[in-house]
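The values are calculated or read from the model by the stated rules, or taken from the named source; none is laboratory data. A quick note: this is a predicted structure, and the numbers were derived from the prediction, not measured. Cβ placement follows ideal geometry from the backbone for every residue including glycine, while neighbour counts extend to all protein chains displayed. For the accessible areas, the whole protein counts, side chains as well, though only heavy atoms, and no ligand, DNA or RNA atoms are used. Shrake-Rupley method; radii C 1.70, N 1.55, O 1.52, S 1.80 Å.
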Amino acid sequence: DVKVTQSSRYLVKRTGEKVFLECVQDMDHENMFWYRQDPGLGLRLIYFSYDVKMKEKGDIPEGYSVSREKKERFSLILESASTNQTSMYLCASSFVSGQANTQYFGPGTRLTVL
Amino acid sequence: QKEVEQNSGPLSVPEGAIASLNCTYSDRGSQSFFWYRQYSGKSPELIMFIYSNGDKEDGRFTAQLNKASQYVSLLIRDSQPSDSATYLCAFDRGSTLGRLYFGRGTQLTVWP
């Protein structure tokens, strides 16, 4: 079974803090993704990575950065957390398939910025 | 126009009924289509995907794809209260980068 893990289920931080969210997958997937999910807005893609050290901006990259130093690990960084970054953060990974690029999600991190 | 539109719901059906969830997409280059289920407070989990026109069945779930009409649907037969969740549709463009484009979801409630 594919397993995607995230470092924390719940996180509370203060405005201005630097925040690291970690995601690890154990299936040797090439692609990894970070989303945030807010009520009424659905899943919004922040950044994704298709290989080690390679990254692409998603739809809402402002205020975020990412790091992928190893294939299995993809980190999301909030350089200076703000209250509007309070959200559910979801990591996903996928492999390239001739049929479909199925994404598998981690359990999510609910981040609250005070 | 949003890339993926889902019937906004919420949808409410009695136990044992057929629930029908619909999704339209704007990109004719779309290759594969996915249905995910998300329980409240949990992450999305894959139900099934489809990439050929027609029907694909998996247990009580049937996905239907019509590329000419840019329409994909999910039918849930013999709906159970445990099917109560938000259902997300998504598509990819066949890129090796693996990006999916998600709809905002339809909330389904199955009442006993």
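Data overview
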item	result
Proximal aspartates and glutamates relative to A:Lys53, as straight alpha-carbon distance under 13 Å, when same-chain residues fewer than 8 apart are discounted	A:Glu30, A:Glu69, A:Glu72
Set of lysines near A:Lys13 by C-alpha distance (under 24 Å), chain-local residues within fewer than 8 positions excluded	B:Lys42
Cross-link reach list, aspartates and glutamates versus A:Lys18, counting only Cα pairs under 14 Å and skipping chain neighbours closer than eight places	A:Glu79
Shape metrics for chain B, restricted to C-alpha atoms - Rg then Dmax, Å	13.5, 44
If the convex hull is drawn through the Cα atoms of the range B:62-112, its volume per residue in Å³	98
Potential extension, B:Glu45-B:Asn7 segment - 0.36 nm per residue separation minus Cα distance	11.7 nm
Kirkwood Rh in Å, taken over all unlike Cα pairs in the range B:25-78	12.0
B:Thr109 versus A:Asp1: modelled label distance in nm, points set 7 Å from Cα along the beta carbon direction	3.0
Taking the range B:19-108 and dividing mean pair separation by its residue count, relative contact order in percent (alpha carbons under 8 Å, at least six apart)	33
Charge sum, other residues only, whose C-beta stays under 14 Å from A:Cys23's C-beta, Lys/Arg counted +1 and Asp/Glu -1	+4
Ranked order, A:Leu90, B:Leu97 - accessible area, probe 1.4 Å, largest first	B:Leu97, A:Leu90
Within a Gaussian network of chain B (alpha carbon springs, distance under 10 Å), most fluctuating of B:Phe91, B:Phe61, B:Phe33	B:Phe61
P(r) of the protein assembly as shown over all Cα-Cα pairs, binned every 10 Å from zero, in whole percent	8, 33, 35, 20, 5, 0
For chain A, the spread of Cα positions along each principal axis, largest first, Å	44, 30, 24
Å² of accessible area per residue within the protein assembly as shown, as computed with a 1.4 Å probe and no ligands counted	47
Relative contact order (percent, whole number), chain A, Cα cutoff 8 Å, 6+ residue spacing	36
Chain A - percent of accessible surface contributed by carbon and sulfur, probe 1.4 Å	49
Length released on extending from B:Asp78 to B:Asn53, taking residue separation times 0.36 nm less the Cα-Cα span	6.6 nm
Solvent-accessible area buried by pairing B with A, both sides, nearest 100 square angstrom, 1.4 angstrom probe	1900
